[in-house]
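Remarks on the structure that follows.
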Amino acid sequence: MILEGSVKVKAPIDKLYDFVMKPESIMGCLPGAEPPTIIDDKTYTGVMKQKVGVFGVKMKYTMHLVETEKPKFMKYEGDGEDMTKLGRFNMKMDVRLNQVGDEVEIVYTVDVSIVGKLAMFGDRIMKQKTKQIEAETTKNLQEKLKAMA
């Protein structure tokens, strides 16, 4: 399943890039994310809790930074599984940052494969959930960037 989207935040591109490259910073903006454990400069693990349909999901995940081009591009690969065995996932994510005036457009593409009971929700529900998370994450990100100014 491909999940795509874009959001704009008011920030200089270098400041935003530095912020999102710190797992503890960006994961602190995601609703339901617990603080990550940094393994090395390219790998971190963590737990994210979400409600998907009727299920409460608690996903343990690992993310790897595969490629970066400061300050415009990041590529990640990750995998994880629900701690109650509802399913597991593998993903690849590209994130592009484009300075547009005093804003930065964040454009993301996530290619995710989900197996188990979670897979039964299908694209429509997963894309709807992604948009909810995107909206809350953008709001939190903007607030944190303002506080840093």
Name the residues in region 47-65 that are within 15 Å of the chain's Cα centre (by Cα) and aliphatic (A, V, I, L, M), would you?
Val47, Met48, Met59, Met63, Leu65
Among the numbered criteria (1) of a type in the set (Gly, Ala, Ser); (2) more than 14 Å from the chain's Cα centre (by Cα); (3) surrounded by fewer than 16 Cβ atoms within 10 Å (Cβ to Cβ), which single criterion is violated by Ala135?
(2)
Identify, by number, the condition in (1) farther than 23 Å from Gly46 by Cβ; (2) in a helix (DSSP H, G or I) that Gln132 doesn't meet.
(1)
Looking at the structure I just gave you, is Phe89 within 19 Å of Glu4 (Cα to Cα), in a strand (DSSP E or B) and modelled with pLDDT under 95?
yes
Which is at pLDDT below 95, part of a strand (DSSP E or B), crowded, with 16+ Cβ neighbours inside 10 Å and not β-branched (Val, Ile, Thr), of Tyr61, Tyr108?
Tyr108
In region 1-41, how many are part of a strand (DSSP E or B), of a type outside the set (D, E, K, R) and under 27 Å from Ile125 (Cα atoms)?
7
Number of positions in region 111-127 that are within 15 Å of the chain's Cα centre (by Cα) and not in a strand (DSSP E or B):
2
Counting just the residues of region 92-104 that are within 15 Å of the chain's Cα centre (by Cα) and either in contact (Cβ under 8 Å) with a residue 40 or more places away in the chain or part of a helix (DSSP H, G or I) (or both), which one comes out farthest from Tyr61 (Cα to Cα)?
Leu97
Of the numbered conditions (1) touching a strand residue (DSSP E or B) at 6+ places or on another chain (Cβ under 7 Å); (2) hydrophobic (A, V, I, L, M, F, W, C); (3) surrounded by 13 or more Cβ atoms within 10 Å (Cβ to Cβ), Val52 fails exactly one; give the number of that condition.
(1)
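The values are calculated or read from the model by the stated rules, or taken from the named source; none is laboratory data. Fair warning: this is a prediction, and the values are worked out from it, not measured in the lab. Here the Cβ is made from the backbone with ideal geometry for all residues, glycine too, and neighbour counts use every protein chain on show.
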